[in-house]
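Asks: Okay, here's the structure, questions in a sec.
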Amino acid sequence: MNAFSAAITRIFADPHMAVDAIWLPGGVPPGTAIRAIRKAPDDLTTYGGARVWSETVRIDVMAAQVPAPEPGDRIVIADDTYEIQGEPVRDRERLVWTLDLRPA
């Protein structure tokens, strides 16, 4: 384990940074327990001459826990279920996936 991997593991273990979640490959149980860092940035999209503001839901997950996320997989956080939309994106070190979610 290198320094980056050790740091990511500690960040995701921190209860102030990450939450417990369940990853459902293909959207069906049984699932795998994972840790996720929630992000909900506002997104500004230009469409023609208009600018459209929308809320988003994104999470970061460790690639070691979620090796191959795909659109259609589901993530359950507390009482909320989300579906992965779009293609997951990995960070430069290939340690963290960023997943774009929508309510399921």
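Asks: Inside region 49-79, can you point out the residues that are under 13 Å from L24 (Cα atoms), open to solvent by 60 Å² or more (accessible area, probe 1.4 Å) and charged (D, E, K, R)?
Replies: Within region 49-79, E70, R74 meet the criteria.
Asks: So, in region 1-18, of the ones that are among the polar types (S, T, N, Q) and in a helix (DSSP H, G or I), which residue ends up farthest from D60 (Cα to Cα)?
Replies: Looking at residues that are among the polar types (S, T, N, Q) and in a helix (DSSP H, G or I), I get S5.
Asks: While we're looking at this one, here's another question. Restricting attention to region 41-54, does a residue exist that is under 28 Å from S5 (Cβ atoms), touching a residue at least 40 places away in the same chain (Cβ under 8 Å) and in contact with a strand residue (DSSP E or B) (Cβ under 8 Å, 6 or more places away or on another chain)?
Replies: Among the residues of region 41-54, not one is under 28 Å from S5 (Cβ atoms), touching a residue at least 40 places away in the same chain (Cβ under 8 Å) and in contact with a strand residue (DSSP E or B) (Cβ under 8 Å, 6 or more places away or on another chain), which makes the answer no.
Asks: Cβ contacts < 6 Å: first residue touching a residue at least 12 places away in the same chain (Cβ under 8 Å), restricted to region 83-98; second residue among the aromatic types (F, W, Y) and buried (at least 17 other Cβ atoms within 10 Å of the Cβ), any location; separation 6+ or different chain. Result?
Replies: Final answer for the pair search is P88/W97; R90/W97.
Asks: Which ones in region 80-99 are part of a strand (DSSP E or B) and open to solvent by 50 Å² or more (accessible area, probe 1.4 Å)?
Replies: D80, T81, Q85, E87, V89, R90
The values are calculated or read from the model by the stated rules, or taken from the named source; none is laboratory data. Owing to the predicted nature of the structure, the values given are computational and were not obtained by experimental measurement. Cβ: placed from backbone, ideal geometry, glycine included. Neighbour counts: every protein chain shown. The protein model used for the area step is the full one, side chains on, heavy atoms only, and it has no ligands, DNA or RNA in it. Shrake-Rupley method; radii C 1.70, N 1.55, O 1.52, S 1.80 Å.
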